[in-house]
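Undergrad: Pasting a structure below so you can have a look.
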Amino acid sequence: MTLKKLAGLLLIGSIFTLSACGGTSNSTEETDTASESTSDTNTTNDQNNEQSATLPAAVQKQYTLVYSGAAVDGLTDKTSYTVTLDSDNQLIIGSKTLTNPTNEDYYNQGTTDIVWASGNYRYILSTKTDGSLNEINVVDAENETNGFPTFKGQFAESS
């Protein structure tokens, strides 16, 4: 058999194999799509360095903090709020409870922050070098300024 005939048979065999594989059922295609979606989601989470977060014991308590900033997500400028960071990893601001925080390198600085989501807004916990509460920043994750989520305000102890 000549090399030309062998190459032709291999080509025909490849075409036959590909056409046989193309006759998959819809359920297999849906499974494949679901796998692709999961993969895309994982890739996105990996790119954001997003992982479930656990609040350090040093910040788990109730605070009276003043919000300074834009009136977003039901917040009012220059208003004092009871803010609780609890052992269930919840951020409670007045009657609003945010759950399931993530660890993210939100500002691409090589460090991770604990972040809670509320619609388009993110609440980012900032701690001091000793591990105690510094502030909680509020940003608009849907709108960027200079490549970062737009800062809207922060909760801090009154000075």
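The values are calculated or read from the model by the stated rules, or taken from the named source; none is laboratory data. Not measured: the values here are computed from a predicted model. Reconstructed Cβ throughout: ideal geometry from the backbone, glycine too, with neighbour counts over all protein chains shown.
Undergrad: Filter segment 73-95 for residues that are surrounded by 14 or more Cβ atoms within 10 Å (Cβ to Cβ) and under 20 Å from the mean Cα position of the chain (by Cα); which is nearest to Q60 (Cα to Cα)?
TA: L85
Undergrad: Going by the conditions given, is Y123 under 16 Å from the mean Cα position of the chain (by Cα), assigned by TED's automatic domain parsing to the domain that holds K61, aromatic (F, W, Y) and crowded, with 16+ Cβ neighbours inside 10 Å?
TA: Judged against the criteria, Y123 is a match.
Undergrad: Looking only at segment 62-92, which residues are assigned to a strand (DSSP E or B), among the aliphatic types (A, V, I, L, M) and out of contact with any Leu (no Cβ under 8 Å at 6 or more places or on another chain)?
TA: L65, V66
Undergrad: Could I ask something else about it? Looking at segment 115-142, which of its residues are modelled with pLDDT under 95, assigned to a strand (DSSP E or B) and of a type in the set (V, I, T)?
TA: T127, the sole residue that qualifies.
Undergrad: Okay, moving on. Every residue in segment 93-114 that is part of a strand (DSSP E or B) and either outside the structural domain of L65 (by TED's automatic domain parsing) or free of Cβ contacts under 8 Å to residues at least 12 places away in the same chain (or both), please.
TA: T97
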